[in-house]
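So the structure is just underneath, and the comments pick up after that.
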Amino acid sequence: LPIVVKGFEMEVIPASRIVAQIGETLILTCNTTGCASPSFSWRTQMDNPLGGTVNNHRTYSTLTMNPVSIVNSHDYLCTVFCGEKEKKEKSIKVDLYSFPSDPIIEISPSLVAGEPVTVICKIPDVYPSDHLEVLLKKEEHVLHKENFYEDDSTNTETKTVTYSFNPTAEDIGKEITCVAKLPIANMDFEPKERVTSQKLNANFGPQNTIITASPGNLPMEGDSLKLTCATESNPPPQIVWRKHLADESIQHLIENNVLSIPHARFTDSGQYICEVINLVTNKTEKATVDIVIQAAPKNTLSVFPSSAVIQGESVTVSCTSADVTSVQSTLSEKIGDGITTLERVDGKYTIGRAQLKDAGTYECVFLLLFVAKSYLAFLFFSVPPQNITVLVYPSENVKEGENVTIICSTYSNPPSQMVLKKLHQEKEIILPSVNGTFILYNVTKNDTGRYLLDVFNEVGNNIKVIEIAVVGRLEKPDQMIPLIIAFSCVTAVAVPVVAILIYVSRKAKINGSYSLVKALRLKV
């Protein structure tokens, strides 16, 4: 096949016309093909200065304008020579515009209802301004239209539109909008419309100034106190806090709308003044509040000897205040939804032999002027194991090869733990329970004997004795009938089971299983 040699060609990028915004960067590229060592030159068709920087590369050349300015509004011609005889050239037209930012609205003087106001709309750095159109609106109502068709500016300029009118009270808060348009039909750029809005705000106040105190103007000593000064004013006012001192002088505090006292003291009592100043309207308004710091009761609510009571012991609940003797106080007991007021002697309420019914919440309330201060104490009881029930399944008399399950349940506080011990002539086997259940797997005659079940918590224990008898081997399954043996709750005295207490100290009411064969750990 014949070899086709591609001829010498050139192109200009972008194509024959480009629209650029003044202030941005523009790069024109002159590219060649089919020539090993082309040479390039750039010029304007009117031989004006290029207004840019030329960079030649092996097969292309660039003209960079950074930033683009009004002097770059030309037809640019790129000429390429390939050797001494071949020459090609192409031109590109650069059209310029400038519409860089939204309008700026100024309202002068500061708006006061009923007085004339002037709205000024500025459109920064526009070119060409002879296409500029400006519209002023109040909400959707057109106030003023203006265009600059006759303008002959040759560079970017900030154009200004001014309009004056008399606002009414209803105009306060409405939006003034300036719409600027630059519709140049044969130039492709965006945006061609820019909009800015600003509300009409009147200067007024200060008025209706009030002070709010949190948690109130009679706080307890040690509480946090926050005074907030609120007012109606435009522009926002300057706020100054002061306090009347005992010698009739005025103490300057802070310049802020909120005055905070993290830990109120009795000396913080007094009259506080909030002074509000509007520097535009030149008006001042004051508000005051009287603060009285109340001393908090001390040594208020106590329980002797302890809020954790053992059933049958004596306990005393005291509701008194050593430092505030002139206030009234009440002591009440809350059980469920019921509240019972308790009679005290010298501020103390004594329970001679405490019972479970005495457990609950005790509330001591002090009345200080117009404020009630409440303190709570919780009385709960420690109860040794009682109401113990033991279930042996299938029974206490079983055959070799069967499994024996021993289940124990009880009531106590704190919850009980349980240990099963079998006495042997040679050694003792001590077994902890899993949730109050013990399982003897595949028993033999060696498992016959007396088992001691120790149920214990921090305040006492109970020991139950279980006799297990294992006879001849199991030939066929017999019907298994559970035997429930109920024992009365008797607190044990010292017996030779001290070693069992090694497993004590977890608080839980236990129900579960244990295997003699499988070494299971004690679970809570």
Lys283: accessible area at probe 1.4 Å, nearest 10 Å²? 110
Heavy atoms only, probe 1.4 angstrom, no DNA, RNA or ligands counted: give me Asp102, Asp454 ranked by accessible area, highest first. Asp102, Asp454
Just to check I understand the Karplus step: with θ = phi - 60° and J = 6.51 cos²θ - 1.76 cosθ + 1.60, what whole-Hz values come out for segment 397-413, glycine and proline as x? 10, 10, 9, 4, x, 7, 9, 10, 10, 10, 10, 10, 10, 7, 10, 6, 8
Simple spin-label estimate for Lys90 and Thr389 in nanometres, 7 Å along Cα-Cβ: 10.2
Area accessible to solvent at Lys399, 1.4 Å probe radius, in Å²: 60
Kindly report the accessible area of segment 165-302 per residue (heavy atoms of protein chains, probe 1.4 Å, no ligands, DNA or RNA), in Å². 54
Longer than 22 Å from Cα to Cα, which of Lys226/Lys334; Lys138/Lys283; Lys199/Lys226; Lys137/Lys199 are they? Say none if no pair is. Lys226/Lys334; Lys138/Lys283; Lys199/Lys226
Under 18 Å Cα-Cα from Lys421, which aspartates and glutamates qualify once same-chain neighbours fewer than 8 residues away are excluded? Glu396, Asp447, Asp454, Glu467
Scaled radius of gyration (Cα, divided by 2.2 N^0.38 Å) that segment 210-337 gives: 1.59
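Mind checking the per residue accessible area of segment 10-52 for me, 1.4 Å probe, whole number of Å²? Please list the in-between numbers first.
Numbers: 2260 Å² over 43 residues.
With all protein chains present, segment 10-52 gives 53 Å² per residue.
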What ³J(HN,Hα) values, in whole Hz, does the Karplus curve 6.51 cos²θ - 1.76 cosθ + 1.60 give for segment 140-154 when θ = phi - 60°, with x put for Gly and Pro? 9, 8, 6, 8, 7, 10, 7, 10, 10, 4, 8, 6, 10, 5, 10
Ignoring everything but the protein chains, give the 1.4 Å probe accessible area of Ser16 in square angstrom, nearest 10. 80
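Hand me the chymotrypsin sites (Phe, Trp or Tyr not before Pro) from segment 141-245 located in a DSSP loop with no more than 10 other Cβ atoms within 10 Å, in residue order please.
Numbers: sites: Phe148, Tyr149, Tyr163, Phe165, Phe189, Phe204, Trp241; in loops: Phe148, Tyr149, Phe189.
Taking segment 141-245 and a limit of 10 other Cβ atoms within 10 Å, the loop chymotrypsin sites (Phe, Trp or Tyr not before Pro) found are Tyr149.
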Extension gain, Thr25 back to Thr330 (0.36 nm per residue minus Cα-Cα distance, nm): 101.4 nm
So which GluC sites (Glu not before Pro) in segment 63-130 are both in a DSSP loop and have at most 16 other Cβ atoms within 10 Å of their Cβ? Glu84
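The values are calculated or read from the model by the stated rules, or taken from the named source; none is laboratory data. Model, not experiment: these values are computed from the prediction. Methodologically, a virtual Cβ is constructed for each residue, glycine included, from the backbone with ideal geometry; neighbour enumeration extends over all protein chains shown. Surface areas here come from the heavy atoms of the whole protein model, side chains and all, with no ligands, DNA or RNA. Shrake-Rupley method; radii C 1.70, N 1.55, O 1.52, S 1.80 Å.
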